[in-house]
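> This is the structure, below, for whatever I ask next.
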Amino acid sequence: MRRPLIAGNWKLHCGPSEARKLALEIRNGLMGRRDAVDVLLCPPCVSLAAVGEIVQGSGIALGAQNVFWETSGAWTGEVAAPMLVDAGCGWVILGHSERRQHFGESNASVARRLRAALAAGLECIVCVGETLEERESGATERVVTTQVREGLDALDAGDWARVTLAYEPVWAIGTGRTATPEQAQEVHALLRDLVGQRAGAGVAQQTRIQYGGSVKPANAATLLGQADVDGALVGGASLDASAFLAIVEAAAVTPA
Ligand code: 13P
């Protein structure tokens, strides 16, 4: 059985004071639901310490939204994986489409970040997904297959226990347009198959695959009800405590 993972990607929202307030609302609202669902909050780096203080001892995990592959040195503006661990992070998101689109990240750079994050002991969410143009031209399978092959190359069997995949169709992110449950399931099944080819069927059955892209309380249950959808990576709705908590609740009560 794969426990669902509901993660809030706060993107470029919430400096420390706002972040503290939002994390507190989520922590207080979560009471009792953590037995069935894993919950992760990923604020901007400057707010990690503030959120870390609030979630400490609550079982809510703390994650960053990206990490650099070097551990130290003359790399102005970057953050290293051991620093995230030192700051209380257990998780990091890698390869988000906004990083790929606006900051030129490639599958190769995702692979380097992933290796560095795993070496520091972090658990990783690796995002994949196609653009609208790619979907409409029938390239979805090829695109996500390449992202997995190149972005997750050289993982050994033990590493997979700390890797979660997130299928985030770019056309569904922040657009209010969600993949249908069938579209999501189709790609999730393909991703599980790819993991199986690389790491074996046992690992594939254990690996969590989240869906991301306009997940809201209204659509969470049908998406999470798909056999290969093991949680959600939530952007906009994670900034509203009651919406985020409703998604956690949907994950707790929906059998996959
Ligand atoms: P939205 O939920 O705002 O569409 O964002 C999804 C996302 O990019 C999560 O990483």
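The values are calculated or read from the model by the stated rules, or taken from the named source; none is laboratory data. What you see is a predicted model, and the numbers here were worked out from it, not measured in a lab. No Cβ is skipped: glycine too gets one built from the backbone with ideal geometry, and neighbour counts run over all protein chains shown. Only protein heavy atoms, including side chains, enter the accessible area calculation; ligands, DNA and RNA are left aside. Shrake-Rupley method; radii C 1.70, N 1.55, O 1.52, S 1.80 Å.
> Inside the stretch 232-242, can you point out the residues that are within 12 Å of the ligand (Cβ to nearest atom) and in contact (Cβ under 8 Å) with a residue 24 or more places away in the chain?
A232, L233, V234, G235, G236, S238, L239
> Then there's this: List the pairs whose first member sits in the stretch 72-96 and is within 22 Å of G151 (Cβ to Cβ), whose second member is open to solvent by 30 Å² or more (accessible area, probe 1.4 Å) and of a type in the set (S, T, Y), and whose Cβ atoms are under 9 Å apart, counting only residues at least 6 apart or on separate chains?
That search, which allows pairs on different chains as well, returns A80/T71; A80/S72; A81/T71; P82/T71; P82/S72.
> Which helices (runs of 4 or more DSSP H) does the stretch 143-252 wholly contain that include 1 or more residues that are open to solvent by 10 Å² or more (accessible area, probe 1.4 Å) and basic (K, R)?
On the way: elements: 181-199, 201-206, 217-224.
Output list reads 181-199.
> What is the one condition in (1) open to solvent by 10 Å² or more (accessible area, probe 1.4 Å); (2) within 16 Å of the ligand (Cβ to nearest atom); (3) in contact with a helix residue (DSSP H, G or I) (Cβ under 6 Å, 6 or more places away or on another chain) that T71 does not satisfy?
(2)
> So, in the stretch 74-89, exactly how many residues are over 14 Å from V46 (Cβ atoms) and open to solvent by less than 30 Å² (accessible area, probe 1.4 Å)?
Residues in the stretch 74-89 being over 14 Å from V46 (Cβ atoms) and open to solvent by less than 30 Å² (accessible area, probe 1.4 Å): 2 in total.
> Related question: Between residues in the stretch 165-185 that are farther than 14 Å from A237 by Cβ and residues that are more than 13 Å from the ligand (Cβ to nearest atom) and basic (K, R), which pairs lie under 8 Å by C-beta distance while being six or more apart or on different chains?
Close Cβ pairs (under 8 Å, with a partner that is more than 13 Å from the ligand (Cβ to nearest atom) and basic (K, R)) amount to L165/R208; P169/R135; W171/R135.
> Looking at (1) within 16 Å of the ligand (Cβ to nearest atom); (2) touching a residue at least 24 places away in the same chain (Cβ under 8 Å); (3) over 18 Å from the mean Cα position of the chain (by Cα), find the lone condition where A218 falls short.
The number of the failed condition is (2).
> If you don't mind, there's one more thing I want to ask. Taking the conditions exactly as written (away from the ligand (no atom under 11 Å from the Cβ) and over 29 Å from L155 (Cα atoms)), does T175 satisfy them or not?
Working: away from the ligand (no atom under 11 Å from the Cβ): no; over 29 Å from L155 (Cα atoms): yes.
No, not satisfied.
> Then there is this: From V110, V148, grab the single residue that is under 16 Å from the mean Cα position of the chain (by Cα) and away from the ligand (no atom under 16 Å from the Cβ).
Testing whether each residue is under 16 Å from the mean Cα position of the chain (by Cα) and away from the ligand (no atom under 16 Å from the Cβ) leaves just V148.
> At pLDDT 95 or above and either farther than 18 Å from V234 by Cα or assigned to a helix (DSSP H, G or I) (or both) - does that describe any residue in the stretch 60-67?
Yes, because at least one residue in the stretch 60-67 is at pLDDT 95 or above and either farther than 18 Å from V234 by Cα or assigned to a helix (DSSP H, G or I) (or both).
> To continue, here is another question. Could you please find all residues in the stretch 75-97 being part of a helix (DSSP H, G or I) and not acidic (D, E)?
Those that are part of a helix (DSSP H, G or I) and not acidic (D, E): A81, P82, M83, L84, V85, S97.
> Considering V46, V39, which residue is within 30 Å of R115 (Cβ to Cβ) and either away from the ligand (no atom under 16 Å from the Cβ) or surrounded by fewer than 18 Cβ atoms within 10 Å (Cβ to Cβ) (or both)? Give the steps one after another, and end with the answer.
Values: V39 fails: either away from the ligand (no atom under 16 Å from the Cβ) or surrounded by fewer than 18 Cβ atoms within 10 Å (Cβ to Cβ) (or both).
V46 is the lone residue from the list that is within 30 Å of R115 (Cβ to Cβ) and either away from the ligand (no atom under 16 Å from the Cβ) or surrounded by fewer than 18 Cβ atoms within 10 Å (Cβ to Cβ) (or both).
> Can you tell me which condition K11 does not meet? The list is (1) outside any loop (DSSP other than H, G, I, E, B); (2) basic (K, R); (3) under 19 Å from the mean Cα position of the chain (by Cα), and all the others hold.
(1)
> Give me the residue from the stretch 1-24 that is in contact with a strand residue (DSSP E or B) (Cβ under 7 Å, 6 or more places away or on another chain) and within 14 Å of the ligand (Cβ to nearest atom) and, out of that set, farthest from E98 (Cα to Cα).
L5
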